[in-house]
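The values are calculated or read from the model by the stated rules, or taken from the named source; none is laboratory data. Here the structure is a predicted model, which means the values were calculated and not measured. Quick reminder, even Gly has a Cβ in these numbers, built from the backbone with ideal geometry, and neighbours come from all protein chains shown. Just the protein is used for accessible areas: all its heavy atoms, side chains included, with ligands, DNA and RNA removed. Shrake-Rupley method; radii C 1.70, N 1.55, O 1.52, S 1.80 Å.
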Amino acid sequence: MDRHAQTFAYEPLPARVLFGAGRRADVADEVARLGCARPLIVTSPEQHTRGDDIAAAFDPASASRFSDAAMHTPWHVTVRALDAVARGRTDCLIAIGGGSAIGLAKAIALQTDLPQIVLPTTYAGSEVTPIIGETRDGEKRTQRTRKVLPEVVIYDVELTSTLPPAMSAASGLNAIAHAVEALYAADGNPITSLMAEEGIASLAGALPEIMRAPSSIDARRIAQYGAWLCGTCLGAVSMGLHHKICHALGGSFDLPHAQTHAIMIAHVAAYNADAAPVAMMRIARALNAQDAWTGLHELARALNVPLSLEAIGMPEDGIDLAIERITQNAYSNPRTPDASTLRVMLTRAWNGEPPARVE
Ligand code: NAD
């Protein structure tokens, strides 16, 4: 999106956002503020003890728990969570965790319209989007609906301080990917582009510092601020080819979400470079790099994330299936993807080769 564009639409999404160290202490007040009293506290199994901390703020007779959230929001887990909602006579949802826990809260909200309070512990950004991806029969389908947009987001930086450096790096690159695609979205606008550039710059500055000092609250705060901005970009404008690829790969081969983004974003930036020169200039500027895709690749290398799809478990003979799914219901993108150039890009990414413009 050209920052001097004269014609655009901008539709900010409503959310109440609390930001700052220790803000999780406000969760009971926020439930009351929504006029609710019977929360269901949603976590993944690994984050169960975080749920304990939140549960301690409520009368055990009124709060209930569901701790089986899983990546890519499998439908069979949602069905069990809906049972827990019915049994607990739940009137609101509290999700604490990464995109997996937040995704499950959204999936419940989609079916029930219950209000959500979410406390993110990664940089995935789902908390500020009206987007939900659900996996059924091995296929991940994504939709946008205001029904799943959380009403309240509590960014408590202390919750992110335990995120391991490797996951912090991958999750931060996942956030950056949201902003990269927002900068060349067909429905982009100058306000979202401002947030995108600031989000990329904040994360690119903070993530290397987090690698050096994982418990640095200052670096964590800047990363979380950047992740909020990048998530807001994802919520505001359309996703492009990069997100389509990650959804297809994640749903088809059960690949880890953040790592898939971390590997693919530099490749897709190179693939789209000639079709989106203004976006590439802004990404490069935010990264303080010569060009966007090299800057993204160098950042990924510096953060020591896996660089090949092979390393995260994608079978090489999966490339054909991936191309089939990427080209079905393609997302809007500055360059129209075709099977042969996609094959070149995915093969390079599978092998862990550096990104290249693919002719
Ligand atoms: P995740 O929620 O599965 O978390 C990844 C791992 O990190 C898990 O093992 C988790 O237990 C651990 N973890 C999380 N926070 C931690 C912390 N503070 N300390 C220690 N460990 C911690 O992964 P994710 O990458 O955050 O989210 C991925 C999911 O979110 C996918 O299903 C993806 O589709 C979805 N997502 C959706 C949107 C959207 O807008 N709808 C946006 C981004 C991601």
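Annotations
- Two-site FRET efficiency, R212 against E158, from Cβ-Cβ distance with R₀ of 30 Å, rounded to 0.05: 0.95
- Just so you know, the Rg over Rh for the range 257-359 is 0.95, from Cα atoms, with Rh as the Kirkwood radius.
- Cα-based convex hull volume of the chain per residue, rounded to whole Å³: 118 Å³
- In plain terms, if you count all Cα to Cα distances in the range 81-215 and split them into 10 Å steps from zero, the share in each step is 12, 36, 36, 15, 2 percent.
- Hull shadow area, averaged, the range 163-351 [alpha-carbon convex hull, nm²]: 9.4 nm²
- Reduced Cα scattering model of the range 223-277, Debye log10 I(q)/I(0), q = 0.14, 0.28, 0.29 Å⁻¹: -0.44, -1.16, -1.16
- Quotient of Cα Rg and 2.2 N^0.38 Å for the range 91-170, N being how many residues it contains: 1.10
- A simple rule links phi to the HN-Hα coupling: the Karplus curve 6.51 cos²θ - 1.76 cosθ + 1.60 with θ = phi - 60°, which for the range 44-51 gives 8, x, 5, 9, 3, 5, 4, x Hz, with x for Gly and Pro.
- Normalised by 2.2 N^0.38 Å, with N the number of residues, the alpha-carbon radius of gyration of the range 285-338 equals 1.48.
- Note on the range 309-359: Rg/Rh from C-alpha atoms, Kirkwood Rh, equals 0.96.
- For the chain, the list of Cys residues with no other Cys C-beta under 4.7 Å reads C230, C233, C246.
- Residue-level accessible surface for L287, protein heavy atoms, 1.4 Å, Å²: 30 Å²
- In this structure K147 has an accessible area near 90 Å², from a 1.4 Å probe over the protein heavy atoms.
- For the chain, carbon and sulfur atoms together expose 50% of the accessible surface, with a 1.4 angstrom probe and every protein chain in place.
- Computed helical MRE - 222 nm, the chain, DSSP H runs ≥ 4 contributing -39500 (n - 2.57), nearest 500: -16000 deg cm²/dmol
- Here the range 317-333 is scanned for amide nitrogen atoms under 17 Å from the site 7 Å beyond the Cα of N351 along Cα-to-Cβ, giving 317-320.
- Cut-off under 5 Å, modelled amide H: who pairs with D91 long-range: A37, R38, L40
- Karplus-derived HN-Hα couplings along the range 342-359 (A = 6.51, B = -1.76, C = 1.60, θ = phi - 60°), whole Hz, x at Gly and Pro: 4, 4, 4, 5, 5, 5, 4, 5, 5, 7, x, 7, x, x, 8, 5, 10, 8
- Per the Kirkwood formula applied to alpha carbons, the range 16-160 shows a radius of gyration over Rh ratio, Rg over Rh, of 0.93.
- Largest first, the residues R220, R65 sort by 1.4 Å accessible area into R65, R220.
- Whole-Hz Karplus values for the range 319-329 come out as 4, 4, 4, 4, 4, 4, 6, 5, 8, 7, 6 Hz, taken residue by residue from phi with 6.51 cos²θ - 1.76 cosθ + 1.60 and θ = phi - 60°; glycine and proline positions read x.
- Computed over all pairs of different Cα atoms, the Kirkwood value for the hydrodynamic radius of the range 23-91 is 12.6 Å.
- Point-to-point label distance, R301-R136, nm (Cα→Cβ direction, 7 Å offset): 4.4 nm
- Ligands, DNA and RNA excluded, the heavy atoms of I210 present near 0 Å² of accessible surface to a 1.4 Å solvent probe.
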